[in-house]
Every structure is written in structure tokens, then in C-alpha cells.
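Have a look at the structure below, then the notes.
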Amino acid sequence: TAAVSAAPMVQPVCLPDKAARASAWVLLMLPLKAGLLMLPMVGSSSPLARYGSISSTDSHQPETSESTASDDDGPSVDNSDAGSSPSNSPPKMVSVGNQPRFSNVFHSSMVLQRGRPIEVWGFGGIPGEKLRIVIDEDGSSDSDTTDRVTTATVDFDASWRGAFGVQHSSLTGKRIRLVLSRPKDSWPLQVLEDVVLGDVYLFSGQSNVDLPVTYVHQFNPSEEEAEEHLADALGRSGMLRLMIVPARCGIMYHDDIIPRELADVPECNPCPHPFGPQQSGFANACNQLGGHANNYSYCNCDKLSWVRATASNLRGFSASAWFTGRAIVESGVAKGVPLGLVRSSWGATNIAAWCGPEAVSSCPQEGEPPSSFAPWRRSSLYAHMIMPLKGLQFSAVIWFHGARNIGGPEPYMGGRYYACALKAMIKEWRSSLEQLSLPFLVVESPVYCNENDFRTWHSWCNDRHSRLKRPDEHLPEMRLAQNEAEELDQVYVVSAMDQGNLVKALGGSIHSVAKRDLGIRVSLAARSAVYGEKQTVWTGPRPHVAWRADFSHVSICFDTGSGGGLVLNESNRCPKAVLPVYCTGATFELEINGTWRPPVTSITCGRSVVLKLAGHDALSVTRVRYAWADWPVNSLYSEAGLPARLFNMPVEDDAGVAAGKCPAMLTAGTAVAPGAVCGSDGDSRLQSPTEEALKPLSKDASASTTGLRGYSREPEFAPQLPVRSRESRSDSSSSSRSSLSSGKEAGLDPSGGSRTALTVSLIVSLVVILPLFWVMSASIVSCFKQKREHCPVPGRDPSFTEPDSGSVLYSPSSNASESKMVAPDDACFDRTKETRLMVMAAVPIVTNGRNWDQRCAEDRTGYVAVSF
């Protein structure tokens with residue numbers, strides 16, 4: 001595939017020949033737009049003569065010095081007005097000696113973040129002198145407007161900085177120039193060409209960010225060829241542009257002193273075609289070679305100034321970054337907006353090297369971490385690979401890291417330390433980069449087989465042997481630590497736990513080839529975080545809280561966002577080839593007396609999962625966890641097809657407290673309480689509904705309610721309620737089923753009774769009890785008003801199924817000896833005397849742990865008997 005070179009970097013302003021100089025004096029007298037003096041356009045020697053505006057729909061590509069792309073490289077493109085031939089050599093600065101210049105963070109073909117103020121800075125010049133910087137759109141009369149012109153003053157240290165306001169959205173995607181000059185000079189000091197406004201993403205971490213696109217296609221040359229053709233096409237359109245912050249290249253960053261700009265090292269040489277015999281002598285200090293396998297040769301680029309994507313520079317560029325950017329472009333979420341993908345990563349680095357001084361001090365450690373071949377000094381990579389970018393704006397940071405910190409309780413190691421360090425690092429990056437709401441998309445540690453903690457390398461999950469004698473928990477602990485980062489705002493953890501594969505890639509199972517699927521998943525998080533698509537499903541079910549439902553059941557409430565309901569597939573198993581120390585086969589596990597055990601059965605109920613245990617084992621459960629293995633068995637998904645998150649959480653004793661942590665879910669107008677308890681047949685009954693669940697539904701929602709699925713039967717594990725026979729219920733169907741008694745003395749007989757007895761009971765209730773209710777505190781009335789609206793209405797709800805007739809007695813002073821009684825949790829009334837349903841909590845009082853007085857009124861005393 002012919003490589004199409006990117007747009008030129010910084011172009012020198014060349015002196016014209018003698019014939020041109022004569023005409024130059026005439027042209028210098030003419031005022032030009034933006035207050036600058038135009039160079040004479042004599043032949044092709046003028047660098048300004050070849051500028052052309054490029055929009056997101058343009059197909060302009062800077063011409064090469066030798067040839068343009070062949071027809072096989074993609075769509076036909078008119079390159080006649082594009083810039084001169086670029087190469088991957090360092091940009092040639094206009095500045096000579098102490099002449100002012102842009103910082104090396106800025107280059108031709110770069111992407112500046114749209115919708116934000118734009119800072120520009122650089123070095124050189126005489127302290128105190130004024131500089132002028134212009135955003136110049138070719139062919140536009142707006143280049144001389146105040147929002148496209150800024151000034152800067154050279155400081156005593158020969159640095160300078162200027163700022164533009166937010167540019168109009170009409171400029172997004174168009175080719176612009178950044179022109180640096182002295183206000184009264186005839187010649188620009190420096191011109192950056194082919195610059196665009198778009199969205200800039202910063203990818204950081206370790207080796208899984210380093211790995212190039214060719215690594216993903218190492219077993220499929222045809223897919224690599226297709227990827228390179230796509231890169232050429234996207235590069236020509238200007239929609240995808242790449243940059244790599246210098247790493248390795250003969251440097252190790254052994255100090256934590258923040259430099260003025262990025263390290264001054266050569267560009268990496270373009271990686272050759274990865275398949276077949278390799279060229280000799282192509283590599284330099286900024287190329288990393290990783291050996292050969294399956295006719296594939298590894299080549300990685302560790303320094304790349306801003307370029308448009310091409311086949312040749314794609315070969316050494318980050319696969320994680322490329323596939324994320326490609327998925328965003330292909331989704332159409334930001335149509336016409338160019339993307340800038342910046343890689344700043346270094347394999348095998350400890351997170352402490354990426355943390356600034358404040359983050360390091362927030363998570364103090366004594367001693368040093370285990371040695372590694374990667375740079376080690378606290379804050380060194382933060383200083384050299386992040387802080388020189390300060391002033392640039394980003395749409396989001398994608399953080400793919402963790403393997404180097406996997407281990408036991410050594411200094412700067414393990415999940416507990418990482419959970420602290422990651423949150424502290426995110427806070428400090430946001431503060432230092434002056435973007436306090438900068439979204440962070442954290443990629444969860446992928447599926448691999450952690451045989452030797454941070455030293456794991458070139459091991460595969462289907463090896464015949466492992467040095468491990470029992471499953472190791474360090475990798476699941478790291479995933480849990482990464483998930484804790486979501487405690488901060490604007491942090492999105494992208495799970496890849498279901499993307500394990502047995503392909504024996506060159507770098508071992510820790511370096512999966514499944515980067516394309518991962519990039520798609522990261523792009524979904526970006527669509528929600530950056531582009532505001534709140535209905536985009538980017539994550540699977542996330543657990544909120546677990547609690548003890550009764551003697552033999554534990555319930556877990558999940559948030560599925562817009563992903564629909566829960567899908568449980570217990571038939572999922574470990575791949576046969578994976579060793580048991582890596583894939584234990586467990587999905588849900590409960591800790592009972594210090595031992596982890598699987599449940600007897602697991603079922604879904606609305607947005608909850610109910611785990612059944614043998615006997616009364618639920619009374620001894622202290623914690624519940626899910627997917628706790630190197631290679632987890634993912635049995636729980638959302639209806640959108642994304643896997644549930646790993647978790648390891650305590651089990652609450654108080655169902656009321658637990659329900660308060662779990663928001664009610666409304667699906668198609670149906671109130672689905674997160675505290676729902678289901679039997680093995682899928683029936684459900686509201687248990688411990690939250691305050692949110694008790695709020696009245698809107699009229700529209702009430703009309704469309706489908707009732708409580710399976711409410712006509714008690715859950716199989718609910719306390720047995722005394723019920724009347726169906727014949728008796730039929731006899732009394734015409735009577736009111738909402739009678740109130742003053743206590744046990746009312747003598748209600750739930751097993752039978754005549755119509756006369758019910759009539760007498762009703763009269764007594766109306767004459768004696770009803771007046772008492774009218775004089776109760778306003779808080780009781782308010783409580784019931786909220787609750788009655790939550791109940792299904794006979795005659796209005798077509799799906800309403802009346803339960804068996806029965807009664808229940810409740811006392812707020814019940815003790816353990818009365819634990820067989822069932823506490824009403826939601827008494828429903830209607831002032832029009834319409835028959836209503838009372839929703840009852842199927843929880844023995846002894847385990848309910850809640851006080852009716854606290855929920856409705858502090859002065860409520862005595863007993864309340866309710867029949868229905």
C-alpha cells in the first residue's frame with residue numbers, strides 16, 4: 001500500500017529569489033488581511049501560496065514530493081491545492097537562535113479542542129517584546145476579527161503565552177493556520193498549517209495503550225491491509241489525526257522536574273509492512289521492536305508529531321486509541337468533527353510515576369515498589385509526559401493501566417493502594433490541566449491469567465501448567481479498585497471482563513488482540529460522557545446494595561441505566577482449555593463463616609437478583625461477590641448485551657436501609673421495586689420499597705401500569721400467611737376488604753367467618769376506629785397519602801389479580817417471640833372507599849429491623865389489624 005504522507009509540519013519562510021524580491025517591495029506596501037504582510041506568490045517557492053481550506057467534507061490531501069496516493073488507496077482525491085510534502089522528520093522551526101517560536105506541543109496538522117478557549121505558547125525572543133498570533137482561515141474575511149487575533153509578551157525567561165476566546169462553531173473542521181509574527185514585521189516568524197478545530201482525546205497508561213494496530217491483526221494480513229486503506233481514507237478527509245508523546249527514544253525520565261516542553265527527540269521511523277521479510281536498518285531510538293511470530297514482526301512508534309492518519313504511521317500507532325477514534329467517527333455522533341488522538345503511555349510503569357506530588361502524598365507509602373525495567377520515580381511521567389501538555393484542552397482522558405501495580409501489600413502495589421492512587425491522580429490531573437470536569441474513561445483490567453502478578457509475561461490461560469496452586473485474587477482486586485474510581489464525578493469505568501480469548505498473541509494473554517471490540521465499548525462511554533447521549537448504553541448492570549431478604553435468601557439490587565432488564569444465563573461455563581486456577585467457574589459467591597460458597601439457585605426479579613441458600617444460611621452471610629476470578633464466568637448481562645460489573649460487597653442486615661440505597665425502577669409505567677423478592681417461579685412481591693417507589697405515579701404512568709407480576713401467589717419462601725378458602729373468599733367478595741380493628745381484641749378470624757361477622761366487623765371499624773384515624777398526626781396521613789397512590793387499582797388495572805383473602809396483625813413493639821408475624825409495609829387507602837390492595841412486606845418482623853413509628857408517625861401506638 002502506498003503511504004500517503006501527512007500535511008507538512010512547521011514550514012520555514014524561504015527567502016524569494018532575485019526576481020521575486022523586486023516585486024516584493026511593491027506587494028509589501030499593500031495592507032493584507034489580519035494585519036500581516038503577505039509573501040510574494042512567485043511560482044511554488046512561497047509557502048503561503050499552497051494553503052487551502054479544508055472542511056470535514058473536503059477530500060484535500062497535502063501533496064507528496066514524489067507521488068500522490070494511487071487509486072487503490074481509497075477514493076480519488078484532488079490534491080492540487082494542498083500543502084507540500086511532509087515526512088515524519090522533525091519539524092523545521094522558523095526561529096533561528098533566540099527567535100520566537102511555538103512550543104513543540106504545537107505542529108501543523110494538529111487538532112485544537114473546539115468549543116473551548118485556545119491557549120498558545122512558546123519560547124524565544126527578547127524579554128518584554130510583543131508578539132502577535134493569528135488564527136487565519138484561508139479565503140475568509142473573518143481572520144482579522146478580534147477573536148482570531150491575540151498578543152503575547154515575552155517573559156524574562158524567554159517564554160510567552162497568549163489566548164484566544166472560544167471560536168465559532170462554523171470554524172470546526174476547516175483548515176486554518178496559526179501565524180506567529182512581530183506586530184511590525186513584514187515576515188511571519190512561524191506558520192503552522194492544516195490545523196483544525198475538533199475533539200482531542202488523551203490516551204494514557206501502559207503497554208495495552210502502546211500496542212500498535214498491527215498487533216491486533218497479527219494473524220490476519222488482509223484485515224491489516226483493509227485497516228491501512230481505511231487510515232489513508234480518513235487521513236485524506238482530515239477526520240483522524242495522530243500524535244505520540246515521546247517515550248523511550250533513549251530517554252528514561254528519572255526526575256520529577258516539569259520541563260518547559262516535550263523531550264526533543266527524533267521522530268520514529270515509519271514501521272514497515274508487518275508481514276513477510278523485514279527491511280533492515282529502518283528503526284531508530286524511537287521505534288520499539290518486539291520480535292517475530294507467525295510471519296508477523298512487531299514494530300511500535302514512540303514519538304510522532306501531529307500527522308494525518310496514513311497507512312505507514314498507523315502501523316506503529318496505538319490500537320486502543322485508533323479503534324476508539326474509528327468507532328466514534330463511524331458512529332456519526334460528531335459528524336464533521338475531526339478527532340485528534342494523543343498517545344502518552346509507557347509500558348510496565350507504576351501508577352505512582354503518573355501521579356503528581358499531591359496525589360503521591362495523598363496515598364503515602366513507606367519503601368519502594370518491586371523493581372522493573374520501566375522508569376521508576378514518583379511523578380516522573382506526570383512531569384515529562386503530561387504537564388508539558390498543560391494549556392491544551394481535551395474532550396476526555398482514556399486511562400488503560402493497572403497490570404504493573406498488581407501484587408500483594410508491598411509499597412505502591414495492590415488493589416488497596418491503587419484505589420487510592422487512581423482517584424488522587426484523576427483529581428490532580430484535572431486540577432493541573434485546569435479542566436475540573438474532564439471526563440476520565442477508565443478501562444478495567446482485561447481478562448488474562450495472572451500467574452506472576454506484575455511480572456506476568458508471555459503466559460497464556462490454556463497453558464498446560466501454572467506455577468499457581470490455588471486461585472490468586474490480585475487481579476480481581478485490581479478490577480475492584482478501578483471500579484471504585486466511579487465514586488468521582490465524570491468517571492466512566494469500561495468493563496472488558498467478557499472479552500477473554502485464547503489466541504496465543506505475541507505478548508501473552510495480558511496483551512489481548514481484542515482491541516477493536518474494546519475500542520467500540522470505550523466509544524460508547526465517550527458518546528455518553530462527551531457528547532451527552534444519556535440514553536447510550538455504555539455499561540452493564542452495576543450493583544447498588546445487597547441485603548438479607550429472609551433466613552435463606554439474599555437480594556442484590558442493580559442499576560442497568562438504559563440497558564433494560566437483567567438477563568441471567570447460568571449455563572455459562574469456563575472454557576475447557578482454561579486452567580481452574582484462572583477460571584474457577586464461580587459467578588455469584590457468598591461468604592459464610594469465612595468461607596465462600598455458591599448459592600443453591602439464582603433468579604432475577606425486575607432489576608434485582610435473588611440468591612437462595614440452603615436452610616437458614618442467609619443469617620450467616622456477611623459478603624457477596626461476583627465474577628471474582630482472572631477469567632470470570634459472566635452469567636449476568638443487561639438486555640443490551642453488556643456484562644454486569646464485578647463486585648465484592650457487604651450484605652446489609654436492615655432491608656429498609658438497603659432499600660434506601662437502591663432507586664426504584666420504572667419500566668413501562670410499572671413500579672418495579674428494587675427490593676422485590678421472587679420465588680423460583682419468578683413471582684414477585686414488593687419488599688421494603690424505597691421512598692422513591694412510594695411516590696405517586698403520574699396519571700399516564702398509572703394508566704399504563706401492568707401490575708405486579710405474579711402477585712396472585714406468595715413467594716415460596718415468604719412466611720406463610722393465614723388465608724381463607726377460595727369459597728369463603730368468594731362469599732365475601734361483595735364486602736369491603738379494608739377493615740381496621742383496634743387490636744387483637746377485634747377477634748378477626750382469617751380462616752373463615754360468616755357474612756354477618758364481617759358486617760359487624762365493618763360497622764365496628766367504621767364507628768369506632770375511623771374517627772380515631774382522623775385525629776391522628778398529619779405525618780400519618782401524609783405517609784398513607786403517598787403510599788396509597790402506589791397500589792394497583794381493581795377495576796382500573798386490567799392486569800390486577802386479587803390475592804387470597806387473609807389478614808395480618810402488626811405491632812411496633814413486636815419482639816423475637818412474635819417473629820412469625822408479617823409487618824405491613826404499605827397500607828393503601830382510598831377516601832372514596834374504593835377497594836384497594838394492601839402491599840405487604842414478606843419479611844418476618846425479627847429480620848425486618850425497621851420501626852413503623854419512624855416511618856409514619858412518632859406517636860403511633862398500639863396494634864393495627866388489617867384484613868383484605
- prompt: Right, Glu428: touching a residue at least 40 places away in the same chain (Cβ under 8 Å) and either within 26 Å of Leu389 (Cβ to Cβ) or surrounded by 20 or more Cβ atoms within 10 Å (Cβ to Cβ) (or both) or not?
  reply: yes
- request: Mind telling me which of the residues Lys184, Lys174 ends up being of a type in the set (D, E, K, R), surrounded by fewer than 23 Cβ atoms within 10 Å (Cβ to Cβ), under 34 Å from the mean Cα position of the chain (by Cα) and outside any helix (DSSP H, G or I)?
  value: Lys174
- line: In region 356-376, residues that are within 26 Å of Thr456 (Cα to Cα), in a loop (DSSP other than H, G, I, E, B) and under 27 Å from the mean Cα position of the chain (by Cα) total 1
message: Return the residues of region 282-297 that are more than 22 Å from Asp264 (Cα to Cα) and either touching a residue at least 60 places away in the same chain (Cβ under 8 Å) or open to solvent by 30 Å² or more (accessible area, probe 1.4 Å) (or both); say none if nothing qualifies.
response: Gly290, Gly291, His292, Ala293, Asn294, Asn295, Tyr296
statement: Expected single match for in contact with a strand residue (DSSP E or B) (Cβ under 7 Å, 6 or more places away or on another chain), closer than 15 Å to Leu646 by Cα and buried (at least 22 other Cβ atoms within 10 Å of the Cβ) among Val494, Val554 is Val494
- prompt: Being modelled with pLDDT under 95, of a type in the set (Phe, Trp, Tyr) and buried (at least 19 other Cβ atoms within 10 Å of the Cβ), is that true of even one residue in region 523-539?
  reply: no
task: Considering each of Gly407, Gly402 in turn, give the residue that is open to solvent by less than 10 Å² (accessible area, probe 1.4 Å), over 23 Å from Ala321 (Cβ atoms) and not hydrophobic (A, V, I, L, M, F, W, C).
output: Gly407
- prompt: Which members of region 548-569 meet the condition of being hydrophobic (A, V, I, L, M, F, W, C), over 29 Å from Arg521 (Cβ atoms) and assigned to a strand (DSSP E or B)?
  reply: Ala549, Val554
task: Enumerate the strands (runs of 3 or more DSSP E) found wholly within region 68-140, keeping only those where 2 or more residues are closer than 19 Å to Thr153 by Cα and at pLDDT 50 or above.
output: 118-123, 130-137
- prompt: If we keep just the residues of region 617-628 that are touching a helix residue (DSSP H, G or I) at 6+ places or on another chain (Cβ under 9 Å) and open to solvent by 10 Å² or more (accessible area, probe 1.4 Å), which is farthest from Leu579 (Cα to Cα)?
  reply: Leu619
field: Where Gly540 falls short, out of the listed (1) of a type outside the set (S, T, N, Q); (2) under 27 Å from Val578 (Cβ atoms); (3) over 18 Å from the mean Cα position of the chain (by Cα)
entry: (3)
query: Is there a residue being touching a strand residue (DSSP E or B) at 6+ places or on another chain (Cβ under 8 Å), of a type in the set (S, T, N, Q), closer than 30 Å to Trp306 by Cβ and part of a helix (DSSP H, G or I) anywhere in region 323-336?
result: yes
- line: Residue pairs within 7 Å by beta carbon, gap of at least six or interchain, first lying in region 360-376 and within 24 Å of Trp429 (Cα to Cα), second among the acidic types (Asp, Glu), listed first then second, are Pro369/Glu410
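For region 190-300, give me every one of the strands (runs of 3 or more DSSP E) that falls completely inside it and has 3 or more residues that are under 19 Å from Asn104 (Cα atoms). Talk me through it step by step, then tell me what you get.
Numbers: elements: 190-205, 240-244, 287-293.
Output list reads 190-205, 240-244.
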query: Among the residues of region 521-563, which ones are of a type in the set (S, T, N, Q) and closer than 16 Å to Tyr626 by Cβ?
result: Thr539, Ser555, Thr560
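The values are calculated or read from the model by the stated rules, or taken from the named source; none is laboratory data. Note that this is a predicted model, so its numbers are computed, not measured. We place every Cβ from the backbone using ideal geometry, glycine too, and count neighbours over all the protein chains shown. Heads up: the accessible areas ignore ligands, DNA and RNA and are worked out on the full protein's heavy atoms, side chains in. Shrake-Rupley method; radii C 1.70, N 1.55, O 1.52, S 1.80 Å.
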